[in-house]
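Engineer: Quick one: structure below, then a few questions.
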Amino acid sequence: DAGVIQSPRHEVTEMGQEVTLRCKPISGHNSLFWYRQTMMRGLELLIYFNNNVPIDDSGMPEDRFSAKMPNASFSTLKIQPSEPRDSAVYFCASSGTAYGYTFGSGTRLTVV
Amino acid sequence: AQSVTQPDIHITVSEGASLELRCNYSYGATPYLFWYVQSPGQGLQLLLKYFSGDTLVQGIKGFEAEFKRSQSSFNLRKPSVHWSDAAEYFCAVTGGGNKLTFGTGTQLKVEL
């Protein structure tokens, strides 16, 4: 099993640009989570999906952030327009029925 | 609401010494508890988890943790630390529903 796959690993973009982060969960996992990690705020849950349906997006910081899961094997997190304060490491994780997440390696986003 | 407290932000131990990382949780019913480790530039890796049964759980890399309901604690231990254990450690809790709440992490430094 290849684990949770995130792309890109690193993204540098200019303020105001659109950024799309991608995630492929582990096959058979029915829950998918997007987290943001910063030094100041630690790990923050942004949104999670069960069976491709968004269940809780209360952590999405503002309307500039959106997430989709069009099928069981793919999810995107989009930021439009991006701002310097969005700079962080974004993690995707997936989970099956036994609890405990499997995390991807993360996308390090830098907005300049 | 569920929450996790990791009171130690940084811990330094000598290689070969024993280790205990503290974790206190808040949850109204029986929690599901987890410890994760994050090496620099990497995602989080699951060390061990507690759902029910034996309150002493064994994990990977020689780690163990003990669930103490009376103290609302789930401390992580290792009898002899190796230099490769230097990383950040996160405790997490869920009451079900698959939504994990993470602590702020403990940064472990190992002196040779």
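The values are calculated or read from the model by the stated rules, or taken from the named source; none is laboratory data. All values reported here derive from a predicted model rather than from experimental measurement. Cβ sites come from the backbone with ideal geometry, for glycine too, and all protein chains shown count toward neighbours. The accessibility values were calculated without ligands, DNA or RNA, using every heavy atom of the protein model including side chains. Shrake-Rupley method; radii C 1.70, N 1.55, O 1.52, S 1.80 Å.
Engineer: With the condition kept exactly as written, say whether any residue in segment A:21-36 is of a type outside the set (Lys, Arg), more than 14 Å from chain B (Cβ to nearest Cβ), in contact (Cβ under 8 Å) with a residue 12 or more places away in the chain and open to solvent by 30 Å² or more (accessible area, probe 1.4 Å).
Structural biologist: Pass one, segment A:21-36, residues of a type outside the set (Lys, Arg): A:21, A:23, A:25-35.
Narrowing further to those that are more than 14 Å from chain B (Cβ to nearest Cβ): A:27-28.
Checking the rest, the ones that are also in contact (Cβ under 8 Å) with a residue 12 or more places away in the chain come to A:27-28.
Next cut, open to solvent by 30 Å² or more (accessible area, probe 1.4 Å) only: A:27-28.
Taking every residue of segment A:21-36 in turn, at least one turns out to be of a type outside the set (Lys, Arg), more than 14 Å from chain B (Cβ to nearest Cβ), in contact (Cβ under 8 Å) with a residue 12 or more places away in the chain and open to solvent by 30 Å² or more (accessible area, probe 1.4 Å).
Engineer: For segment B:76-93, name all the residues that are more than 14 Å from every other protein chain (Cβ to nearest Cβ) and open to solvent by less than 30 Å² (accessible area, probe 1.4 Å). Break it down into steps so the answer makes sense when it comes.
Structural biologist: To start, the set of residues in segment B:76-93 that are more than 14 Å from every other protein chain (Cβ to nearest Cβ) comprises B:76-86.
Matches in segment B:76-93: B:LEU76, B:LYS78, B:VAL81, B:ASP85.
Engineer: May I pose another question? Criterion first (hydroxyl-bearing (Ser, Thr, Tyr), surrounded by fewer than 17 Cβ atoms within 10 Å (Cβ to Cβ) and within 11 Å of another protein chain (Cβ to nearest Cβ)) does B:SER39 satisfy it? Quick ask: steps written out before the conclusion?
Structural biologist: Details: hydroxyl-bearing (Ser, Thr, Tyr): yes; surrounded by fewer than 17 Cβ atoms within 10 Å (Cβ to Cβ): yes; within 11 Å of another protein chain (Cβ to nearest Cβ): yes.
Judged against the criteria, B:SER39 is a match.
Engineer: Looking only at segment A:87-99, which residues are facing chain B (nearest Cβ under 8 Å) and either open to solvent by 10 Å² or more (accessible area, probe 1.4 Å) or in contact with a His (Cβ under 8 Å, 6 or more places away or on another chain) (or both)?
Structural biologist: Passing the criteria: A:SER95, A:TYR99.
Engineer: Among the candidates A:PRO61, A:PRO84, single out the residue that is under 14 Å from the mean Cα position of the chain (by Cα) and either open to solvent by 20 Å² or more (accessible area, probe 1.4 Å) or within 14 Å of chain B (Cβ to nearest Cβ) (or both). Break it down stepwise before answering.
Structural biologist: On the way: A:PRO84 fails: under 14 Å from the mean Cα position of the chain (by Cα).
The conditions single out A:PRO61.
Engineer: Please go through segment B:94-112 and give me each residue that is facing chain A (nearest Cβ under 10 Å), within 14 Å of B:ARG22 (Cβ to Cβ) and either at pLDDT 95 or above or crowded, with 19+ Cβ neighbours inside 10 Å (or both), ordered by number.
Structural biologist: Filtering segment B:94-112 for residues facing chain A (nearest Cβ under 10 Å) gives B:94, B:96-105.
Filter again for within 14 Å of B:ARG22 (Cβ to Cβ), leaving B:103-105.
Selection gives B:GLY103, B:GLY105.
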